[in-house]
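The values are calculated or read from the model by the stated rules, or taken from the named source; none is laboratory data. Quick caveat, the model's predicted, so the values are computed rather than measured. Cβ: placed from backbone, ideal geometry, glycine included. Neighbour counts: every protein chain shown.
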Amino acid sequence: MLIGEKVDLVAADRAYVPFYTKWINDPEVTQWLKVDPPMSQEMEQGWVDGIQKEGRMVFTILTKDGRPIGNTGIEEISWRYRRASIGIMIGEKDHWNRGYGSDAVNTLLRYCFEELGMRRVELITDSDNHRAQKAYAKCGFKVEGVMRQYRTKNGRLVDDVMMAILSTDWFGLHPPKTPEE
Amino acid sequence: MLRGELVGLVPLQSTDELALNRWLNDPRVRRASGRPSWKACYNLEQVQDIIRDRLAQPSRYDLIVTETSGGQPLGMVEITHLHPMRDSAQITMVWGEKEDLEKEVEALALAVTYAFNSQGLHRLWARVPSAQQGMVDAFQQVGFRVEGVLREDHFSGGIWRDSLLLSLLSAEARPC
């Protein structure tokens, strides 16, 4: 388990599949994501079962009282170049805009940089999702480029933004603690 | 076979093992690739496994670039990250033999035409090490535009280096 200030991250599990299915089929939740609903419960179970095989790490975001509110994860991991991509979805809408997503991202970044020794973490987000970009920037991400017509949304081709944070950016914001601290 | 004046493209097959083995073990090719998945060296059996694995993946096409006159294999174009619900994909070129910009450009142009006209894709994107100016030139001559700079995304020659994010939309592609 990865411990954050407002949330904990636990390994994705079949026990949470009813939540995953609800979230992935909610157009409001997935409006900014590169996902392809509708998804059945069986499809979501298959997704959970396939996580290990595909070399990804997927975590369910739990509030401190144990309520599952979304998923986050690390994929496209390159151990040689110490880089990876991350993604996040807050499925419970009553937890939007309350700092849970930012805390989950920071918790995941801490794991990436301070435990896995990653050098670079990147993500792709919808160019119109200014709120998310602002939140990622607050976590230390910088915009590196605009991916033109990267995906189709509501029958329209939309741009995505590539953002990344380097370990030097992270440790600039979160200096390593000395043993006395 | 997709045939151009100087080069053609044929699907990867098991008989390409010797060429692939030579390229994967060539320090120059390895440096130019900026590829995290490549190991320090490969034996023939491992190369055979790579080919088998690639042929089994529906989310990619691997095309061997061959010389039109003589059929010698020169390199490989990979179209990856294909997904039935999306119409964009990543394109990578590994040039295994002596650099030849004209042939590289034609190989890329053939692959782009194949991706847009036969596979119905609308966007191709590439992640090319910034230091590999020859490869960047080849992509840009085909019409790819720089979309961004990926900071320190790979390690080569003792330092962390940037890559360029390049893309081409079907509406921008020149006919080949």
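Points to keep in mind about this one:
- Positions within region B:160-176 being at the interface with chain A (Cβ under 8 Å from one of its Cβ atoms) and either modelled with pLDDT of 95 or more or buried (at least 20 other Cβ atoms within 10 Å of the Cβ) (or both), in sequence order: B:165, B:167, B:169
- Annotation: of all residues in region B:32-83 being charged (D, E, K, R) and either surrounded by 15 or more Cβ atoms within 10 Å (Cβ to Cβ) or not in a helix (DSSP H, G or I) (or both), the one that is farthest from the other protein chains (Cβ to nearest Cβ) is B:67.
- Considering A:72, A:107, the condition of being touching a residue at least 60 places away in the same chain (Cβ under 8 Å), part of a strand (DSSP E or B) and not charged (D, E, K, R) is satisfied by A:72 alone.
- Number of positions in region B:146-176 that are touching a residue at least 60 places away in the same chain (Cβ under 8 Å) and farther than 24 Å from residue B:30 by Cβ: 4
- The residue of region A:100-134 that is nearest to the chain's Cα centre (by Cα), among those that are within 14 Å of another protein chain (Cβ to nearest Cβ) and of a type in the set (D, E, K, R), is A:122.
- Within region A:154-172, the residues that satisfy the criterion of being at pLDDT below 95 and either within 11 Å of chain B (Cβ to nearest Cβ) or surrounded by 15 or more Cβ atoms within 10 Å (Cβ to Cβ) (or both) are A:157, A:158, A:159, A:160.
- Identity of the residue in region A:52-97, surrounded by fewer than 16 Cβ atoms within 10 Å (Cβ to Cβ) and closer than 24 Å to residue A:118 by Cα, that ends up nearest to the other protein chains (Cβ to nearest Cβ): A:80
- Consider region B:143-159 and keep the residues that are assigned to a loop (DSSP other than H, G, I, E, B) and more than 23 Å from residue B:170 (Cα to Cα). The one that is modelled with the highest pLDDT is B:158.
- Test for residue B:149: is it β-branched (Val, Ile, Thr) and more than 14 Å from chain A (Cβ to nearest Cβ): no
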